[in-house]
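Trainee: Before we start, here is the structure in question, set down as structure tokens.
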């Protein structure tokens, strides 16, 4: 066997020996990670409710098909500048339900109703944001004056139940969507990295209400009742 053939022979042997590990490496690091996966938009970091998504908030990740959430977004352009309807966890897949702000627009038979500040008992919760769901607890005019005269007196649920207020009607004033929460500068209150530190104090609240809720608010407000805004 000539010297040239010997060299070729040993090159082929060495090539075959190395091809196994090389193919394994290519499979492990190149093919397997994308085999059976799809691109999906996930939260790059925890994001608060009511935030407008920026490029720093989201990223594209590869997810195995069996881990894909129904309705998951696959394009960054579909989520950028969209408002979150609930807090997002890091690496959580984004869906329409998390970004759908359609519930902040009145449906047929509903109205966007500002709640007059003089009808609000005390101050709205400082962490209240657009998209929150609140309940309106009725406070009698006389009772509200007593409580306002004694700030240290807590107006709790037990005390409210002692008042002459229809429980059935009060029950209908629950789970109401806040369409806007504005500050004293008439700008919408937004969340920061910490929901406990909003961009301002709430002074004006607008609600999405149905016909019955609208009439109940008008009924009690015109009679001198005030509304204590609470939410979970």
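The values are calculated or read from the model by the stated rules, or taken from the named source; none is laboratory data. Small disclaimer: the values here were computed from a predicted structure and weren't measured. Positions of Cβ are generated from backbone atoms using ideal geometry, with glycine treated the same way; all protein chains shown enter the neighbour counts.
Trainee: Which number in (1) closer than 15 Å to residue 47 by Cβ; (2) in a loop (DSSP other than H, G, I, E, B) marks the one condition that residue 97 misses?
Mentor: Every condition holds for residue 97 apart from (2).
Trainee: Evaluate region 174-197: report whether one residue or more is at pLDDT below 85, crowded, with 18+ Cβ neighbours inside 10 Å and more than 18 Å from the chain's Cα centre (by Cα).
Mentor: no
Trainee: Given 110, 92, 83, which one is assigned by TED's automatic domain parsing to the domain that holds residue 208 and surrounded by 12 or more Cβ atoms within 10 Å (Cβ to Cβ)? Walk me through it before giving the result.
Mentor: Working: 92 fails: assigned by TED's automatic domain parsing to the domain that holds residue 208; 83 fails: assigned by TED's automatic domain parsing to the domain that holds residue 208.
Only one candidate passes the filter, namely 110.
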